[in-house]
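FYI, it's all coordinate maths here, none of it is from the lab. Since the structure is predicted, the reported quantities are computational estimates derived from the model, not experimental observations. Heads up, the Cβs are rebuilt from the backbone with ideal geometry, glycines too, and the neighbour counts pull from every protein chain shown.
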Amino acid sequence: MNREFVFVPARFSAQAMPLNPGHHSVLHPAASQAGNIEWLYWVIFWILFAVFVLMVAAFARAGAKSRVLDDAPLPIIEDDDGDRRAGWAVGSALAITVLTLFVVLVLSVITGKRVEGLTSKNPITIQITGHQWWWEISYPNSQADQTVTTANEIHVPVGTPVVVFTNSADVIHSFWAPSITGKRDLLPGYSSAFSFQVDREGTYRGQCAEFCGLQHAHMGFSIIAEPVDKFQSWRQQQLKPAIEPAASESSRGREVFLTHACVMCHTIRGTDAGSRVGPDLTHIASRNMIAAETLPNTAGALAGWVVDPQRIKPGTQMSPNPLAPDELQALVVYLQSLQ
Amino acid sequence: MAVAEPIVANDQDAGQSGLARRLAHTWRQPKGFLGWFCNTHHTDIGIRFMVTAFIFLLLGGVLAAMIRLQLIRPENSLMGPDLYNQVFTMHGSTMIFLFAVPMMFQGFGVYIVPLMCGARNIAFPRLNAFSYYLYVGGALVLWGGFLTNTGPDVGWFAYVPLSGPAYSPGHRADIWSQMITFTEVSALGVAICIATTILRHRAPGMTLNRMPILLWEKLVISIAVIFAMPAVMIASGLLLLDRLVGTHFFNPAEGGDVLLYQHLFWFFGHPEVYIIFLPGAAIISTLVECFSRRRIFGYTPIVVSVVATGFIGFSVWVHHMFATGLPQLSESFFTAASLMIVIPTGTQFFCWVATIWYGRLQLRLPMLWCFGFFFVFLIGGLSGVMLASVPVDLQVHDTYFVVAHFHYVLIGGALFPMFAGIYFWFPKMTGRMASAKLGAWHFWLFFFGFNITFFTLHFLGLRGMPRRIYTYGPDMHWQGLNILASTGVIFMTAGLLVFLANVYRSMHTGEIAGNNPWEDAGLEWSVSSPPPPYNFLHVPTVSGRDPLWEDPPDQPVVVGLRDDIRETLVTHSLDADPQHKDEDPGPSIWPFLAAVTVSAAFVGSIFTAWAIPIGAPPVIATLIGWLWPRGQSPTPLPNEVPWIH
Amino acid sequence: MDSLIEPIRRPRALDVSGLPSVAFGHRNTTWLANVFYMAIEGMMFALMFATYFYLRTRSTNWPPGHLPPAFTFGAVNAVVLVLSIVPAWWIRKRAPDANRRAVRNGLLILSFFALAATALRVFEFTALNCRWTDDAYSSTVWVLIGMHSGHLATELVETLVLLAISFTSKMEGTRLADAAINSDYWYFVVVTGLIVDSLIYGTTRFL
């Protein structure tokens, strides 16, 4: 089948869909996986649309001969000739149905193979672990000090295959970035792998798609696809330990961090904070969003989050931190310095 | 003895004869407050099932409206996540377990099946009554929990480990599990009653080959219930054990497995879809035949399709689990199986079109709802074909696209046929016709509102909106479509209000219906409306698939059943030859008492495992009271009288 | 039955007054209900067996870190269950003859077997070499044997109730048919019991 032939009207109708911004949509693929699925979606859609039109026409034609709404019941008709003709009609309709289903099956299997198979060598490997309610992202390396650990933001080089290994620390989550590829469940007790390759630069949003408790709604992530050199410099930056505070205020902020509840759950490499319960904050200032894509990474949002996360994400594992205003100020300055 | 009476047809005039008076006396049901709990007649229990299920449809609808209101704008503060999670869990559980199955399978089945078979009552009427009380018990537990802020909040599917002891402390998930036990025991009880009635109480002459399609479907559904419901009882039972006594079935740290639960749940969950849809299809087949004024085209293909649907329904459960990352071979198998379901469903659709096409369609009110079903279910079925394709499913699974799909399937496959069926059998149940004018208003309001709401949800799904989120950010640009979807609720609500007004008005002032206002072929139309407590003055015999259309005027009736005890006729499962006579056990308070003790044990086991050993003796006592032989027991006669020609 | 197509002329009444009021074996309606009931219970057992084997695939050792259940009591119980088929078969055979004495004696013997099996089952629980809270394997073993014990207890109560009825004058007609159906159900309990035994005591040792 000519791919473009199907693709062009498909694209057109995607644009025509109401209110389509395109950064979080099945119909705006940025990776070959989502692209193949989108193609399949539209092929099946048009086939089924034709079926729909035919069926509606058949019912309309059959019903058009109807008698008035409130008539006395008519006598029963005996119609052997009709039975014979109906037999032919139903038989051929069934044959067409079977054929259509077969086409759908074959297309699905072929597309399924295309989506799963990545031929290119040297993929980068990412380990994604689901937590209630955030994503732990790491780029494993045989050398421990070469392993990058971050949260909720996945940087990938454009045009390079990415193999994702999934796992869950608690309940079932599902990793889904509509513009990149289909879902994959993160199951506790199971490790599974899938792969994708982003073809266009950009930031693509994703979200947990398996109900995982109170804050299922606030369990977003983003995939940031950038050129290889930019990705490499990001990676080098992430490998470094946290910078030493330059100013006295951020130094005091680090003091606040290490002497309050923060240290119980979070890691900042290069300091004494090494707990793995919550996200790694070594380079938190390099991230665009906080709290799993819930808030922008600004001073105000950060302060609000630290003081009362339960107001923003009721039920989240992080407890409120009633800090004095100057302590909070210092802490936020420190966190914002962690590039 | 009845033989001495003149043999007359099963019509209203007969109500005055001596035989009718004696039968009415023998088959009477107790009156009064206490009598209500002793009633075991299938028409009464069937209507109770329907009314109760309809109440839960309305309650589930209120929850749906709350969901639509919450999502009407981003970061809405109407509900927090705790309440919202309870609301959508309650909505799903109520609609599936307290409305769809009790209404479509139990309600219609219990009311219609014995009448269509030509039986005086359902088989095992006490088990039938018991099933009703147990269903009410389950409903009260679920809603009692919700109203005291312990409504389940883990989704209607209650996936582990989220619903397990580690992540759902408290009793919310326990209430869900026990509600499952209640409602499934109820459905299983009714399945036994209905299957036995169909196999053993059909009128002489109603061979399998002459059985109305509706009875075929009820038989297939009963058997599907018998094989599907145990799976969910095992799933929820093991979940309860994990939560209550510390077993580790679903705990990966101790060798348990989280996918095991999903397999068990969906092994039930997918046949459940057909348990809900097939009763709808049964109603459609009946109505299409009646209003096309011709025998249904393709009796045999339809029956084969129904049986095939029942079978294939058990081999597609994994298509709910594509996203768990299965090997590709099993993905392909389950895709193929899921697509295969289209063939029997398509067959039925084609046969319906053909019947209408080659018949003389009268578009009366119930038929209007059938056309609504055709349109809505067609869309749902076609989007189902998309979902059977694994790659597409991986994109739209657990999004609002799927929400749209299954509302098209379930509202299309259950609610539209339900209203068709209610309007169709309303004259039989109440003796009066429902207003066609109000019914048409009801239809158009509901049809319009439904499509506004649920067609819109397809777009939201493609735009990446996942299910079960209590809020979303303004940057997602989902608000416009959500507002549009929510406006449909207004029309659907208006439609339902018109329906309630119609029922209220028509029950009191509707036109008197007579025995057979639609001139349909089923045996239920040969008795007065509403039917007397003994259903048939004389148990009928039939000589064709459409008894009232085809039977010659001298069609014989059965005589020789005693009228001083509740004697029923048992016929052969296959060829419906009379075999022997049985005695209906009659009204009793024991099924209600047994339901109370069983409920107490079930509810107690939410709190402690000791409720089972402590609760067992009262349960056993009430069951003995129920089954202990009393009264007159007929003496067996050795000689067997063959079919009289 | 005559041809389905050609209607046969019949008299206007089908007199059934001479038909018997009780049926034995597969013609009995309760027999059919009992078949459905066994289908439901059988399905539950089948799903538990499937669960057992499913969980087994998720574990490298089976049983994981336990000794297999000690089989002495289980083996004796299996013999008791197999032998109990004899009185059950006897009841089933004698009930249609309306031989009340034979049925009563059969019920009496069956009750002893049921009591013995239930008593032995209590000892089986002490010899499982695990507790249900240990791990998924132990949970499965306990639920399998617990589920079957529930059936055993139900059947014990049912047999005792029928025995009680058999000493009254009500043991006739339908009740005799019920006693025969009770035997069918006893067969079911025996068969599921043997399968459970083979899973708990057999597959943990030999597979």
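List of remarks:
- Compared with the rule-of-thumb size 2.2 N^0.38 Å for a compact globular protein, segment A:178-274 has a Cα radius of gyration ratio of 1.46.
- Evaluating 6.51 cos²θ - 1.76 cosθ + 1.60 at θ = phi - 60° for every residue in segment A:210-216, the Karplus couplings come out as 10, 3, 10, x, 3, 9, 3 Hz, glycine and proline recorded as x.
- Across segment B:418-432, computed HN-Hα scalar couplings (Karplus, 6.51 cos²θ - 1.76 cosθ + 1.60, θ = phi - 60°) run 4, 5, 4, x, 4, 5, 6, 8, 3, x, 5, 6, 10, x, 10 Hz from first to last residue, x flagging Gly and Pro.
- Dipole of chain C, positive direction: furthest Cα of C:145, C:25, C:42, with charges on the beta-carbon: C:25
- With respect to chain B, whose longest principal axis is taken over its alpha-carbon atoms, helix B:479-509 is tilted by about 20°.
- The long axis of helix A:32-64 is offset from the longest Cα principal axis of chain A by roughly 30 degrees.
- The C-alpha radius of gyration of chain A, expressed as a fraction of 2.2 N^0.38 Å, stands at 1.37.
- From the alpha carbon centroid of segment B:103-153 to that of segment A:315-339 is 56 Å.
- Put simply, the C-alpha atoms of segment B:499-615 give a gyration tensor, and the ellipsoid matching it has half-axes of 39, 26, 14 Å, longest first.
- For chain C, a simple Cβ point-charge model (Lys and Arg +1, Asp and Glu -1, everything else neutral) yields a dipole of about 400 debye relative to the Cα centre.
- Computed log10 I(q)/I(0) for segment C:100-207 at 0.17, 0.24 Å⁻¹: -0.80, -1.27, from the Debye equation with unit scatterers placed on every C-alpha and solvent omitted.
- 5 angstrom amide H check on residue B:558, placed H, neighbours 5+ away: B:539, B:541, C:14
- Comparing B:117, B:183, B:95 along the charge dipole axis of segment B:75-200, the residue lying farthest to the positive side is B:117, per the Cβ-charge model.
- For residue A:183, distant residues with modelled amide H under 5 Å away: B:395
- Proximal lysines relative to residue A:230, as straight alpha-carbon distance under 25 Å, when same-chain residues fewer than 8 apart are discounted: A:121, A:240
- Cα gyration tensor shape of segment B:341-484, rounded if a/c is under 1.5, else prolate or oblate by comparing a/b with b/c: oblate
- Centre separation in Å (Cα based) which lies between segment C:58-82 and segment B:545-560: 61 Å
- Cα shape, chain C, gyration tensor, a/c 1.5 rule: oblate
- Around the amide H of residue B:583, modelled in the peptide plane, lie the amide H atoms of B:568, all under 5 Å away and 5 or more residues distant in sequence or on another chain.
- Shape of segment A:235-339, Cα gyration tensor, a/c cut at 1.5: rounded
- Cα-derived Rg to Rh of the protein assembly as shown, Kirkwood definition: 1.00
- Tail fraction, Cα-Cα pairs, segment B:157-284, threshold 18 Å, whole percent: 58 percent
- Neighbour-count order for A:94, B:98, C:152, fewest beta carbons within 10 angstrom listed first: A:94, C:152, B:98
- Sorted ascending by nearby beta carbons within 10 Å, beginning with the fewest, B:379, A:110 become A:110, B:379.
- Here the residues B:610, C:89, B:156, A:176, ranked from fewest to most Cβ neighbours within 10 Å of their Cβ, fall in the order B:610, C:89, B:156, A:176.
- Dipole magnitude of chain B, debye to nearest 20 (Cβ charges: Lys/Arg +1, Asp/Glu -1, about Cα centre): 980 debye
- In Hz, Karplus ³J(HN,Hα) per residue of segment C:185-191 (6.51, -1.76, 1.60; θ = phi - 60°; x = Gly, Pro): 5, 4, 3, 4, 4, 5, 5
- Taking a straight Cα-Cα cut-off under 19 Å and skipping sequence neighbours fewer than 8 places away in the same chain, the lysines within cross-link reach of residue C:170 are B:581.
- Only one residue of A:59, A:82, A:98 has its Cα farthest out toward the positive end of the dipole of segment A:43-125, where Lys and Arg carry +1 and Asp and Glu -1 on Cβ, and that residue is A:98.
- Rounded to the nearest 20, the Cβ-based charge dipole of the protein assembly as shown about its Cα centre (Lys and Arg +1, Asp and Glu -1) stands at 980 debye.
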